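Chemist: Let me give you the structure first, and then I'll get to my questions.
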Amino acid sequence: MKPSSVSLPAAVAALVTAVAFALSTVAQTPQTPAPQTPAAPQKEHHDHPHAPPTNLQVLPKNLTGDQVHEIMETWEAYLGVHCSTCHAADPKNIGPNGRPRLNYADDSKPEKATARLMYKMTEDINTNYVSKVPNSDVPVTCGTCHRGHFGPEPFVIPPDDDHGPPPSAKTPPPTK
């Protein structure tokens, strides 16, 4: 992929397509067959259609409810969270289990705003940086940093890895 020929909408479409492909092994059968990839975390299979989204702000507006649901399931797995982390319960809409259903369009939870910001960040990284690295065909995802944790663990360089083996293990330089 050449950086000069990729537009932001094309990059967004490519990332959304990649996420949809990753979930094809565990999600509802898509309308168009998608290749299977082992990169996606596995989630429970749902047999009901999902309502069309009504408040997409960073994802493409032409996605179906099923496509958005697949993306959200991937993000859940990458972050080790549940839908209720970002989506508020609607006490006026009680489900068959007696609990309030989630209002997916509601923007009252700050975690939802953070998710949108983080999505835009990964899009920027993939479009403006990763795509410019030769032979770099693996995009950055939520899982790149989070690896199943809501707050990613900070990376700590192991002791002595940046300076070689401990002094006692060093061998003298060869003599000439």
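No value in this document is a laboratory result; all are computed from the given coordinates. Everything numeric in this text was worked out from a predicted model, so none of it was measured. Glycine also receives a Cβ, built like all others from the backbone with ideal geometry; neighbour counts cover every protein chain displayed.
Chemist: Taking the Cβ of each residue in ARG101, ARG147 as the centre, tally the other Cβ atoms inside 10 Å and list the residues starting with the fewest. Write down the numbers at each step before the final one.
Modeler: Details: ARG101 15, ARG147 12.
So the residues, fewest neighbours to most, are ARG147, ARG101.
Chemist: Too long at a 25 Å Cα-Cα cut-off: which of LYS109/LYS132; LYS61/LYS112; LYS61/LYS132? The partial results should precede the final answer.
Modeler: On the way: LYS109/LYS132 35 Å; LYS61/LYS112 17 Å; LYS61/LYS132 27 Å.
Over 25 Å Cα-Cα: LYS109/LYS132; LYS61/LYS132.
Chemist: Could you run the Karplus curve 6.51 cos²θ - 1.76 cosθ + 1.60 with θ = phi - 60° over segment 61-76 and give me ³J(HN,Hα) per residue in whole Hz, x for Gly and Pro?
Modeler: Each residue of segment 61-76 in turn: 6, 8, 6, 7, x, 5, 5, 5, 4, 4, 4, 4, 5, 5, 4, 4 Hz.
Chemist: Another one. Between ALA51 and PHE150, what is the FRET efficiency for a Förster distance of 35 Å, r being their Cβ-Cβ separation, to the nearest 0.05? It would help to have the intermediate numbers written out before the result.
Modeler: Details: r = 26 Å, r/R0 = 0.75.
E(calc), rounded to 0.05, equals 0.85.
Chemist: Starting from 0.36 nm per residue, how many nanometres of slack lie between SER108 and ASP90 once their C-alpha separation is accounted for?
Modeler: Numbers: separation 18, 0.36 × 18 = 6.48 nm, distance 1.13 nm.
Taking 0.36 nm per residue and subtracting the Cα distance, the gain is 5.3 nm.
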